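A short write-up of the structure that comes next.
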Amino acid sequence: MHPLVYADESQVQALFRQVSPRRWRFKGVAYEWRGEGVFHVFARTPAVAPSGYPLGCFFAFPPEGSQPEPTEARVVQEVRAELGSAGMPFRQAVLSVFHWRNGSLAPHACLCAPDRKVACDLRYVPAHSELYSRSRGLLEVEALERKRVVIVGLGSFGSQIAIELAKAGVGRFDLLDFDRLELANLARHTGRIQDLGRFKTRVVRDAILSKNPFCEVRTFEVDINRRLPLLRQRCAGADLVISVTDDNASRFNVNHFALQTGRTALFGRAITRAAGGDVLRARPGAGPCLSCLFGQGLLQTPAEVSTIEQARRDLPAYTAPDQLQATVQVGLSSDILPITNMMVKLALVALSEGTAAGMQSVAEDLVADFYLWVNRRDLIYRAWPRMEYFYNRNSILRWYGIRTQRDPACLVCGQLISG
Amino acid sequence: MDSTRYRIEKTILEQNFSRRSAFVDRYNPETFSLRVGLKCSSGQAYQLRIRIPPDYPNSIPRAYVMTPADLRDRAGQSLAQRSPSHDMHLLSPDGNQIQLCHYKPANWHPNVTLYKVALKCLVWLEAYENHMLTGKPIDHFLHS
Ligand SMILES: [Zn+2]
């Protein structure tokens, strides 16, 4: 197999529009997966830091009517002359040549070193309209592309949800979180070791753009509990609000502003020791809000405490350090994924509402606003029967839709809906 | 606190505490608080200051005893100096004003009103007076 060169089709088209009889050769940037024969070439440094090691890169659009072979030999000569010079500190370069023939651009690429030239296969990373064509039919991609999702909290939950929504074709994101990626997060977060120390919002933004570079992602590195006007503004501009923080005050703040701006909000969490989890869809005026359920005791199962900072916030200030440490009992990433997956489904149902998309049957199933996930026979589920071969009784690894209602006396949604 | 919630809180407080409660510095997010006078069954009166955070009722208010200042335990030790204390259900004090633990942060939710917070503080004060009589820690009386 020839080495592979991937080029962004829309960038190539943009370069082609700049071609003139005097200017038909351009410098770009290329990255190599060493030892794998894979190269990615760009007309300019991409928005997301690319992977691989850098090397030289040229694009050439020989003038119409020029003979392909002698022209290319000349360009290769020029590239070789530049290798190792002050402006080109590389020992090799990827050269992508595009001949205008029969009304279209015929591309081919080669790897140039001073002593050799290796032919490569050039493949396009398609332009916008084709990138997510595969989910067409299942989801109304054009409609989803225009939807904006606000995600508050970009930890192990938020990072998974954001990336899944981008993969499904959601086009616009506002990401809010002031935390940075730490070593302790790595096992459950989508962030990588090379992201340590970065804001989680930026890590997730890059992960979204790596899946779909045409997404519009805005990041806000703020403590929303101290930036309430900003939170309100973001909710007002959203089609859906997702709250996956680990502190109740921020969840209640999101609940408040989502209600106030008439936006559906999703809340999700794991409970202690990953015994299970719950998901609430709060639809203003149509169902219970977070405060309704909390007041009814439905959300008072102790939440999973994944960091010592969270334990400090949740427990009274007099709690002894060893007791704080003992409450930090985290599940695995695989314990979280079922919960984030359910939230993604509820998000797609909410975002596809009113379109003739394939979410219709899922929407008919997901009529409940509150869901319990039972993960392990532990704590409150300790006495549950084993799953074994039974399908007609309660068991772990299942979702349960819970019939809930607005609390008519709820001070939060009562006043916001009536006012 | 938005104006609707403010009216609700004010109405409930007026119904139950008549003239013994008043909001202070409503438009200053740093100092906005509720002053409330509470009387125990013994007849002893206490003056409390409940600090209302800017995102109240979404986050928990903090309750301090203003007077009598510098409350002492049965052994005569300053409660402010003993804080934070699990036995006495006290959080970090503000100077010599002790801070009462009225709700566990994880159990707080926005349908709890300042009136309920004040009632929880009254329960703490009754427990405090029992501690002064018996010497048993406040936790003994509040633990259900
Ligand atoms: Zn409600």
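The values are calculated or read from the model by the stated rules, or taken from the named source; none is laboratory data. Source: prediction; values computed, not measured. A quick note on method: Cβ atoms are made from the backbone with ideal geometry, for glycine too, and the neighbour counts reach across all protein chains shown.
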Test: A:Gly277 is away from the ligand (no atom under 13 Å from the Cβ), outside any loop (DSSP other than H, G, I, E, B) and either surrounded by fewer than 17 Cβ atoms within 10 Å (Cβ to Cβ) or not β-branched (Val, Ile, Thr) (or both): yes
Suppose we keep only residues that are within 27 Å of the chain's Cα centre (by Cα) and closer than 14 Å to A:Ala109 by Cβ within the stretch A:12-30. Which one would you say is modelled with the highest pLDDT? A:Ala30
Run down A:Arg406, A:Arg386 and say which single residue is more than 24 Å from the chain's Cα centre (by Cα) and away from chain B (no Cβ under 14 Å). A:Arg386
Verdict on A:Pro321 being more than 8 Å from chain B (Cβ to nearest Cβ), within 13 Å of the ligand (Cβ to nearest atom) and either closer than 22 Å to B:Cys101 by Cβ or of a type outside the set (Gly, Ala, Ser) (or both): no
For the stretch A:60-112, what are the residues that are surrounded by 16 or more Cβ atoms within 10 Å (Cβ to Cβ), in contact with a helix residue (DSSP H, G or I) (Cβ under 9 Å, 6 or more places away or on another chain) and assigned to a strand (DSSP E or B)? A:Ala60, A:Ala93, A:Leu95, A:Ser96, A:Val97, A:Phe98, A:His99, A:Trp100, A:Pro107, A:His108, A:Cys110, A:Cys112
Based on what the data block shows, is B:Pro93 more than 15 Å from A:Leu315 (Cα to Cα) and in contact with a Phe, Trp or Tyr (Cβ under 8 Å, 6 or more places away or on another chain)? yes
Helices (runs of 4 or more DSSP H) enclosed by the stretch A:167-260 - at least 1 residues per element that are within 14 Å of chain B (Cβ to nearest Cβ): A:228-236, A:248-260
Pair list, Cβ < 7 Å and 6+ apart or interchain, from the stretch B:57-71 residues that are within 14 Å of chain A (Cβ to nearest Cβ) to residues that are among the small types (Gly, Ala, Ser) and crowded, with 17+ Cβ neighbours inside 10 Å: B:Asn58/A:Ala249; B:Ser59/A:Ala249
Quick check on the stretch A:33-55. Is at least one of its residues at pLDDT 95 or above and farther than 30 Å from A:Val203 by Cα? no
Say we look at the stretch A:244-267 and pick out the residues that are aliphatic (A, V, I, L, M) and more than 23 Å from the chain's Cα centre (by Cα); which of these is farthest from the ligand (Cβ to nearest atom)? A:Ala249
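Among the residues of the stretch A:295-304, is there at least one that is among the aliphatic types (A, V, I, L, M) and within 16 Å of the ligand (Cβ to nearest atom)?
yes
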Here is a check on your reading of the model: is B:Asp87 surrounded by fewer than 20 Cβ atoms within 10 Å (Cβ to Cβ), touching an Asp or Glu at 6+ places or on another chain (Cβ under 6 Å) and within 14 Å of chain A (Cβ to nearest Cβ)? yes
Lone unmet requirement of (1) of a type outside the set (D, E, K, R); (2) crowded, with 17+ Cβ neighbours inside 10 Å; (3) away from the ligand (no atom under 16 Å from the Cβ); (4) assigned to a helix (DSSP H, G or I) for A:Ile380: (2)
Quick check on the stretch B:50-84: of everything there that is buried (at least 17 other Cβ atoms within 10 Å of the Cβ) and among the hydroxyl-bearing types (Ser, Thr, Tyr), which residue is nearest to A:Thr319 (Cα to Cα)? B:Ser83
How many residues are touching a helix residue (DSSP H, G or I) at 6+ places or on another chain (Cβ under 7 Å), part of a loop (DSSP other than H, G, I, E, B) and at the interface with chain B (Cβ under 10 Å from one of its Cβ atoms) when one looks only at the stretch A:294-313? 4
Could you say which residue among B:Ser18, B:Ser33, B:Ser92 is farther than 22 Å from B:Thr134 by Cβ, at pLDDT 95 or above and small (Gly, Ala, Ser)? B:Ser33
